[in-house]
Structure formats: structure tokens, C-alpha cells
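The values are calculated or read from the model by the stated rules, or taken from the named source; none is laboratory data. As the structure is a computational prediction, the values presented were derived from the model and not from experiment. Note that each Cβ is placed from the backbone with ideal geometry, even for glycine, and that neighbours are counted across all protein chains shown. Side chains are part of the model used for accessible areas, which takes the heavy atoms of the whole protein and leaves out ligands, DNA and RNA. Shrake-Rupley method; radii C 1.70, N 1.55, O 1.52, S 1.80 Å.
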Amino acid sequence: MRRSLSALFAPLAAPLVTALAMLVILPPPATADRTVVGGHPAHTALAPWAVALASRERFGDARSGQFCGGVVVGPTTVLTAAHCMSRGVLGVNWWEVGDLRVIIGRDDLRGSGGVEMAPRWVWVNPAYDQGGRAGDVAVLTLSQPLPRIYGVAMAAVGDPAYQPGARAAVYGWGDTRGNGSYASTLRATRLRVMPDATCEEAYPGGAEGEYISESMMCAGLPDGGRDACQGDSGGPLIARGKLVGLVSWGSGCAEPGRPGVYTRISAVLSQVTAAG
Ligand code: ARG
């Protein structure tokens, strides 16, 4: 009986040992699995409000010309960061970009899925402070309304989604390692909303930048490892199913003690509602 049992399991033993050996020998797929740094694949089918801003004229067509993120908050209203519409990013004024596009429903920028729409108008927050980076928001108005399911609700002042410790997720096609490795497919990563005191401590002003709690919020993990990064700017930070922030700035990407800083949606809500 003993013998026949071991004979039965013998063919299973070899593959099992091989599988275990692979687990030990193979490096974890950590570098292949980052976004948004430290992230995982995401899909516009589940995050239809996550959109890409693009210009092939300015940024080439390898990745559909993607240069920033954005988020749909109404049938014709897309939010992004004001700095995404700046000359610093575009090289020219936004109205001089001949082919500015909002790309909706395209997971893979190498493909042609979803739709591309040219904004009819762009409103850049006139109070945006390039130096201090406060008020980093712009509104792109689409010429054709999108179906309702595309929009995400914006969290108003006092919404529990802003509470420190709230679970949040950021979405984008940006750098996955902080070294210019731009993602081709949409990615997301899970973060926590951080207390203002932690954000202020991380960014007291000077070289690292200054955190201003009235118009900014910050999110990350205490030990870093997950964050938005270059190319994610303007993209959404979602908590409790609502939009709480737009990717704005940070020192490096995913570094411990250097959380990502976001435009605080509640601070710009009335302006973007009026502009859209
Ligand atoms: N300014 C960057 C951009 O234009 C976003 C940087 C976000 N950085 C961060 N560590 N969260 O894409």
C-alpha cells in the first residue's frame, strides 16, 4: 500500500519541486509590475473616467502622443492639471497645439481603441501659481457629450474620502520606475490619504516644495514604494468612489517620506463647475 501510494505521487513530485525551485530562484516580478510606480494593470472598462491627454505633433505617435492624464467629471467636462497646459510641458501655448486630444477608453496607447476627442475649449485656472504649484487645475470642454457612465463624482468639502488613512487609488500611463519608463497600458496603484501634518513635514518649503493644505492633499505609503510619477499629472486620485485629487507634483517618485501631492478637488470644485 505504501509503495503504491508513493508510486502514485511520484509523477507529481518532480513538477512540484521545479515549481518550488522557480519560486525561490526567479526574482519577484516587481520591476515588471510598477505605474504609476509600484502599480498594477487597470482597465478603462472599470475606470472609464481615466483619460489620456495627447498630441502626436508635440510628443510623437509611439504612445498615441500621450503626455498627461485627465479625468471625466461631466458629459463634456474633463479635468487635468494646469501645468499640463503650460508652455513648460507643451513647448508652446496650448492653443498653438494643432492636435490636442482627449483619449477615452483606450487601455493600450499603442492601439486605437476607444475614441479621441478634440477639446472645444480649455480653461486654465488663472489663480494657478507656477512657482508654488497651488491651484493646479484646468478644465477641457469636449464638443460632444459623453454617456453618463463616463463621469466620476467629485468629493466636496468634508467628504470622508479626504480623511487621513482613507484608501485611495491613482491611475495613469506615466513613468513606472522614475527613470523615463513610460507605460503603454493604463496602470493604477493603491495609496492612503495622508494627514496634512505629514505632508507639511515632507514638504516644508524650499527645494522640496511647499505643501499648502488649503489647495493640496497628499497620498502615499509611509515607506514609499507606490506613487504617481512623471506623465501621470492631471490624472485622478479616487477615494470611496469619488475624485479627491489630481496628480500634481512630488519629490522623485515613490520615495519614503516623499508622498505624492495632488490638487485638492474640494478647493477648486466651484471654479471647475463654473468653467465646465
Ligand atoms: N509633475 C508630474 C507630471 O507632470 C507628476 C509628478 C507626480 N509625482 C509624484 N511623485 N507623485 O506628470
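Listed by position, the strands (runs of 3 or more DSSP E) enclosed by region 67-173 that each have at least 3 residues that are open to solvent by less than 30 Å² (accessible area, probe 1.4 Å) are 77-80, 101-104, 138-142, 167-172. Across region 197-207, what is the total count of residues that are open to solvent by less than 60 Å² (accessible area, probe 1.4 Å), farther than 13 Å from Pro222 by Cβ and touching a Phe, Trp or Tyr at 6+ places or on another chain (Cβ under 8 Å)? Result for region 197-207: 1. Return yes or no: is Ser233 assigned to a strand (DSSP E or B), within 20 Å of Phe67 (Cα to Cα), of a type in the set (S, T, N, Q) and within 9 Å of the ligand (Cβ to nearest atom)? Spelling it out, it is not the case that Ser233 is assigned to a strand (DSSP E or B), within 20 Å of Phe67 (Cα to Cα), of a type in the set (S, T, N, Q) and within 9 Å of the ligand (Cβ to nearest atom). Checking Glu210, Glu200 one by one, the residue that is more than 29 Å from His43 (Cβ to Cβ) and away from the ligand (no atom under 16 Å from the Cβ) is Glu200 and no other. When restricted to residues that are within 7 Å of the ligand (Cβ to nearest atom), open to solvent by less than 10 Å² (accessible area, probe 1.4 Å) and not aliphatic (A, V, I, L, M), region 249-271 contains 1.
For beta carbons closer than 9 Å, sequence separation of 6+ or different chains, a first residue in region 222-235 that is closer than 22 Å to Pro256 by Cβ and a second that is part of a loop (DSSP other than H, G, I, E, B) and hydroxyl-bearing (Ser, Thr, Tyr), the qualifying pairs are Arg226/Thr35; Asp227/Thr35; Ala228/Thr35; Cys229/Thr35; Cys229/Thr176; Asp232/Thr35.
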